[in-house]
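**Q** Dropping the structure in here first, questions after.
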Amino acid sequence: VSHDIAKKAVKFHIETILPEALKYGSISDICMINEPWIVTNTNNYYKKDWAKYLEGVYTTIQNLNSHYGGTSYSSFDDVPFPASGKQPTIQVYDYKQFNDSVMTEWIKFMSECIRKITDIPIHVKSMQYVAWADESSPRWLLGAGLNLERISDYVTINGNDAELRFDLDEGETYSEFITKKALQKSMWYELMLSIKEMPVFNSEDHIIANGDKNYNDAHRKNIGAEQWMSAIHGRSMAALWIWDRSLT
């Protein structure tokens, strides 16, 4: 997303489509990105930027080697991306900060293009990474590059794609399900509001699994409970995701 061609394409898209869209009175806001995700450590394009970032943090390679526990890199260009983003190391922390900065600059660029045309509310449809249940270690999705604090100056709505689908594991009861995941949405809404007080808009509100054909009283209770709970914890707008029985 840092490439000049990518920026040129998106700038052209915004300058071409947005003036036409704004002719319709029904356009109330703009979602700049759906479910933002970027992983720069698999792309050699970002290797030089990574070295430059590390130099800005540590100044000298000797400082970096010391902080990294006695590594022996001879220059910042020699420092690789971490092999895994799941290890609690200083290098992984540095990578996360770098990766976040790439996504933040992309969002800033888009917001600046939009602001040259209109002051309509804008948001990013972020997923509830840090509020997810822990059964498959999804908190490592923090490495996806989206940093709510960093982007807060470039959006006017706390946009999100949060879910509390009724999707039981085999043998799981509804009580077990809701105990495990009850705060999943609420934590995300509260986190967003704690960073910046803006309207919270879940523009992809998943209340039931796609293709679920087993709608029953437990589903009904879950939808009512989680929608009410969402409102209590700060969500001010929602667009429910379509429930299409034909999907599998």
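Listed here are the residues, each with its yes/no results for (1) in contact (Cβ under 8 Å) with a residue 12 or more places away in the chain; (2) surrounded by fewer than 18 Cβ atoms within 10 Å (Cβ to Cβ); (3) in contact with a helix residue (DSSP H, G or I) (Cβ under 8 Å, 6 or more places away or on another chain).
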site: N65; (1), (2), (3): no, yes, no
site: S84; (1), (2), (3): no, yes, yes
site: P88; (1), (2), (3): no, yes, no
site: D94; (1), (2), (3): yes, no, yes
site: N99; (1), (2), (3): yes, no, yes
site: T104; (1), (2), (3): yes, no, yes
site: M110; (1), (2), (3): yes, no, yes
site: D119; (1), (2), (3): no, yes, no
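**Q** So, one more: Which is farther than 29 Å from F109 by Cβ, modelled with pLDDT of 90 or more and among the polar types (S, T, N, Q), of S186, S203, S230, S175?
**A** S230
**Q** Identify the residue in segment 135-165 that is in a strand (DSSP E or B) and modelled with pLDDT of 95 or more and, among all such residues, is nearest to M198 (Cα to Cα).
**A** In this case the residue turns out to be N158.
**Q** Which members of segment 9-41 meet the condition of being in contact (Cβ under 8 Å) with a residue 24 or more places away in the chain, part of a helix (DSSP H, G or I) and more than 15 Å from D119 (Cα to Cα)?
**A** We begin by selecting, within segment 9-41, every residue in contact (Cβ under 8 Å) with a residue 24 or more places away in the chain; these are 10-11, 14-15, 18-19, 22, 27-41.
Checking which are part of a helix (DSSP H, G or I) leaves us with 10-11, 14-15, 18-19, 40-41.
Scanning segment 9-41 gives V10, K11, T40, N41.
**Q** In segment 72-101, which residues are under 16 Å from T59 (Cα atoms) and not in a helix (DSSP H, G or I)?
**A** Result: S72, Y73, S74, S75, V79.
**Q** Would you check which residues across segment 159-190 are of a type in the set (D, E) and open to solvent by 80 Å² or more (accessible area, probe 1.4 Å) and list them?
**A** Going residue by residue through segment 159-190, those that are of a type in the set (D, E) are 161, 163, 167, 169-170, 172, 176, 190.
Hits for segment 159-190 are D169, E170, E176, E190.
**Q** Can you report the number of residues in segment 49-63 which are touching a residue at least 24 places away in the same chain (Cβ under 8 Å) and either open to solvent by less than 40 Å² (accessible area, probe 1.4 Å) or of a type outside the set (A, V, I, L, M) (or both)? Give the derivation first.
**A** If we filter segment 49-63 for residues that are touching a residue at least 24 places away in the same chain (Cβ under 8 Å), which is where we start, we get 49-54, 57.
Retained after the next criterion (residues that are either open to solvent by less than 40 Å² (accessible area, probe 1.4 Å) or of a type outside the set (A, V, I, L, M) (or both)): 49-54.
Number of matching residues: 6.
**Q** Is at least one residue of segment 217-240 in a loop (DSSP other than H, G, I, E, B) and either touching a Lys or Arg at 6+ places or on another chain (Cβ under 7 Å) or loosely packed, with under 15 Cβ neighbours inside 10 Å (or both)?
**A** Taking segment 217-240 as the starting set, the residues that turn out to be in a loop (DSSP other than H, G, I, E, B) are 233-234.
Still in the list and also either touching a Lys or Arg at 6+ places or on another chain (Cβ under 7 Å) or loosely packed, with under 15 Cβ neighbours inside 10 Å (or both): none.
No, the conditions are met nowhere in segment 217-240.
**Q** Being assigned to a helix (DSSP H, G or I) and exposed (fewer than 15 other Cβ atoms within 10 Å of the Cβ), is that true of even one residue in segment 196-210?
**A** Looking through segment 196-210, none of the residues is assigned to a helix (DSSP H, G or I) and exposed (fewer than 15 other Cβ atoms within 10 Å of the Cβ).
**Q** Taking I27 as the residue in question, decide whether it is more than 14 Å from N99 (Cα to Cα), open to solvent by less than 30 Å² (accessible area, probe 1.4 Å) and either over 24 Å from the mean Cα position of the chain (by Cα) or β-branched (V, I, T) (or both).
**A** It is false that I27 is more than 14 Å from N99 (Cα to Cα), open to solvent by less than 30 Å² (accessible area, probe 1.4 Å) and either over 24 Å from the mean Cα position of the chain (by Cα) or β-branched (V, I, T) (or both).
The values are calculated or read from the model by the stated rules, or taken from the named source; none is laboratory data. From a predicted model like this one, the values you see are computed outputs, not experimental measurements. Here Cβ is always computed from backbone atoms with ideal geometry, including for glycine, and neighbour counts include all displayed protein chains. Note: accessible area is taken over every heavy atom of the protein model, side chains too, but ligands, DNA and RNA are not part of it. Shrake-Rupley method; radii C 1.70, N 1.55, O 1.52, S 1.80 Å.
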